[in-house]
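Everything on this sheet refers to the single structure shown next.
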């Protein structure tokens, strides 16, 4: 789960909070759909049909707006992924459900957004932190499967390290560059590989 400080969060309280909250959701959708590197504050204001002053009411700069939007995207995605996981009870299915839920959350996201995140250090740090948290979750799910006897006895720490390395490569756009796979597609392939390798035959 992504943790934020007050400096990370947009200013969504006080007078006009509902409008600012709706505007922020529109901003997140715009950035996720199209990326952000090429968009100036003037562009954002025009696309969102608001003034730059209104945007400054959310955060003090474009950089702060972008980071807040990236944090919001991953926090919301994490909540939905965990909700899917909570509904799955079989240990083998829980691992598959988790990775496929991650894939589903990333599927609608534009490649440009991921490219821009990778190139903007404050946003890249958020994605990397989220990726490492997800890798830790995968390790827990593998341990559950081994204890339940549905997964083969494997060196869980080593398996988790390999998985984490792949997930970080996905996050850094290295898998996309090497294979042409979108992040969501890469997670789907990772799920298939893991389940094929871990399930008892």
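This table checks each residue for (1) touching a helix residue (DSSP H, G or I) at 6+ places or on another chain (Cβ under 7 Å); (2) touching a residue at least 24 places away in the same chain (Cβ under 8 Å); (3) under 23 Å from residue 124 (Cβ atoms).
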{"position": "19", "(1), (2), (3)": "no, no, no"}
{"position": "32", "(1), (2), (3)": "yes, yes, yes"}
{"position": "40", "(1), (2), (3)": "no, no, yes"}
{"position": "52", "(1), (2), (3)": "yes, no, no"}
{"position": "57", "(1), (2), (3)": "yes, yes, no"}
{"position": "68", "(1), (2), (3)": "no, yes, yes"}
{"position": "77", "(1), (2), (3)": "yes, yes, yes"}
{"position": "87", "(1), (2), (3)": "no, no, no"}
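Could you list all residues from the range 117-159 that are assigned to a loop (DSSP other than H, G, I, E, B) and in contact with a strand residue (DSSP E or B) (Cβ under 9 Å, 6 or more places away or on another chain)?
150, 152
Quick check on my filter: what residues within the range 160-185 are assigned to a helix (DSSP H, G or I), touching a residue at least 24 places away in the same chain (Cβ under 8 Å) and surrounded by 17 or more Cβ atoms within 10 Å (Cβ to Cβ)?
160, 163, 164, 166, 167, 170, 171, 176, 183, 184, 185
Determine if the range 100-116 includes at least one residue that is in a loop (DSSP other than H, G, I, E, B), at pLDDT 90 or above and surrounded by 15 or more Cβ atoms within 10 Å (Cβ to Cβ).
Among the residues of the range 100-116, at least one is in a loop (DSSP other than H, G, I, E, B), at pLDDT 90 or above and surrounded by 15 or more Cβ atoms within 10 Å (Cβ to Cβ), which makes the answer yes.
Just checking, does the range 91-98 include any residue being surrounded by fewer than 21 Cβ atoms within 10 Å (Cβ to Cβ), at pLDDT below 90 and under 21 Å from residue 181 (Cα atoms)?
For the range 91-98, residues surrounded by fewer than 21 Cβ atoms within 10 Å (Cβ to Cβ), at pLDDT below 90 and under 21 Å from residue 181 (Cα atoms): present.
The values are calculated or read from the model by the stated rules, or taken from the named source; none is laboratory data. On a predicted model such as this, the values are computed, not experimentally measured, just so you know. Ideal geometry is used to build each Cβ from the backbone, glycine not excepted, and the neighbour counts take in all protein chains shown.
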